[in-house]
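K.L.:
What follows is a structure written as structure tokens; I'll ask about it next.
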Amino acid sequence: MIGAIINATAILAGGILGLLFRGKISKEISGNIIRIIGICVCIIGISGALEGDFMLLVISLTLGTFAGEFLNIDGRLNKFGIWTQSKLKRGDENADFAEGFVAATLLFCVGAMAIIGSIESGMRDDRSIILTKSILDGVSAMILASSFGFGVLLSAAAVLVYQGSIEFFAGYLQNVLTNEMITQISAVGGIMIVGIGLNMALKTEIKVANFLPGFAFATAYYLILG
């Protein structure tokens, strides 16, 4: 759990720093910053997606999106974010709070670094990957929080639960998660990151959270046929 705590703390620290700058930069400048960050996020996502098997990527995401739309995962996550915002009685707009929570949670949780770093931390007490990820996440949290507000900080709790669980069960997961499976999971996550980047850069309304079941279909392929 130590690695997850370090990562969550970095997100909180970066997010709090970002909140200090919120509203102090003109909308034009902040808008341009968010757009360029969105483009960079797209590039990160594309680089991860290119590592996976293309046909499996298409199939798993198609089936996953169908399931996600049916379950309305994006809508439920946004409702959770809005509900949390109302309980905390923050002054942020509900939409910004929910969007910040969902975007930050997906950005920080998908990808190979979250999985491999947590396994290395849990199995070998090697936190070099987690420390690198924490620095990247802290900077990203600062940028996101300056735009979306307090909702970004809530993603630290999701990271703590997600990566903490992987650390705790690292011994078992190391035998289950093959290199090929991790690569494909990261590829699916890369497409989600592209969606987040497009939402940031072009103000599209891609329901990225509805892609999440794609992870299950990609994993199932290797568990059943791999």
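K.L.:
Just wondering, is there one or more residues in segment 18-28 that are modelled with pLDDT of 85 or more, open to solvent by less than 80 Å² (accessible area, probe 1.4 Å), under 20 Å from the mean Cα position of the chain (by Cα) and within 21 Å of I6 (Cα to Cα)?
P.N.:
The initial filter retains those residues of segment 18-28 that are modelled with pLDDT of 85 or more, namely 18-20.
Those still in the list that are open to solvent by less than 80 Å² (accessible area, probe 1.4 Å) too: 18-19.
Adding the requirement that they be under 20 Å from the mean Cα position of the chain (by Cα) leaves 18-19.
Narrowing further to those that are within 21 Å of I6 (Cα to Cα): 18-19.
Yes, there is a match, as at least one residue in segment 18-28 is modelled with pLDDT of 85 or more, open to solvent by less than 80 Å² (accessible area, probe 1.4 Å), under 20 Å from the mean Cα position of the chain (by Cα) and within 21 Å of I6 (Cα to Cα).
K.L.:
In the set I196, I182, I130, which member is assigned to a helix (DSSP H, G or I), open to solvent by less than 40 Å² (accessible area, probe 1.4 Å) and farther than 23 Å from L17 by Cβ? Let's see the steps before the verdict.
P.N.:
On the way: I196 fails: farther than 23 Å from L17 by Cβ; I130 fails: farther than 23 Å from L17 by Cβ.
After applying the criteria, what remains is I182.
K.L.:
If a residue must be more than 18 Å from L177 (Cβ to Cβ) and of a type in the set (A, V, I, L, M), how many such residues does segment 194-226 contain?
P.N.:
Selection size over segment 194-226: 9.
K.L.:
With the condition kept exactly as written, say whether any residue in segment 215-222 is part of a helix (DSSP H, G or I), in contact with a helix residue (DSSP H, G or I) (Cβ under 8 Å, 6 or more places away or on another chain) and modelled with pLDDT under 85.
P.N.:
Within segment 215-222, none of the residues are part of a helix (DSSP H, G or I), in contact with a helix residue (DSSP H, G or I) (Cβ under 8 Å, 6 or more places away or on another chain) and modelled with pLDDT under 85.
K.L.:
Of the numbered conditions (1) over 30 Å from G122 (Cα atoms); (2) assigned to a helix (DSSP H, G or I), G14 satisfies every one except a single condition; which is it?
P.N.:
(1)
K.L.:
Select, from V139, V102, V110, the only residue that is more than 20 Å from T219 (Cβ to Cβ) and surrounded by 19 or more Cβ atoms within 10 Å (Cβ to Cβ). If you could, list the steps in order and put the result at the bottom.
P.N.:
Details: V139 fails: surrounded by 19 or more Cβ atoms within 10 Å (Cβ to Cβ); V110 fails: more than 20 Å from T219 (Cβ to Cβ).
When all the criteria are applied, what remains is V102.
K.L.:
Something else: Scan segment 205-226 for residues that are free of Cβ contacts under 8 Å to residues at least 40 places away in the same chain and open to solvent by less than 50 Å² (accessible area, probe 1.4 Å) and jot them down.
P.N.:
Those that are free of Cβ contacts under 8 Å to residues at least 40 places away in the same chain and open to solvent by less than 50 Å² (accessible area, probe 1.4 Å): T219, A220.
K.L.:
Being assigned to a helix (DSSP H, G or I) and modelled with pLDDT under 85 is the filter; apply it to segment 161-179 and report the residue that is nearest to G38 (Cα to Cα).
P.N.:
N179
K.L.:
Being among the small types (G, A, S) and either open to solvent by 40 Å² or more (accessible area, probe 1.4 Å) or outside any loop (DSSP other than H, G, I, E, B) (or both) is the filter here, so list the residues in segment 145-160 that pass it.
P.N.:
Answer for segment 145-160, where residues must be among the small types (G, A, S) and either open to solvent by 40 Å² or more (accessible area, probe 1.4 Å) or outside any loop (DSSP other than H, G, I, E, B) (or both): A145, S146, S147, G151, S155, A156, A157, A158.
The values are calculated or read from the model by the stated rules, or taken from the named source; none is laboratory data. Everything numeric in this text was worked out from a predicted model, so none of it was measured. Counting neighbours? That spans all protein chains shown, and the Cβs are built from the backbone with ideal geometry, glycine included. Calculation scope for accessible area: heavy atoms of the full protein, side chains included, ligands and nucleic acids excluded. Shrake-Rupley method; radii C 1.70, N 1.55, O 1.52, S 1.80 Å.
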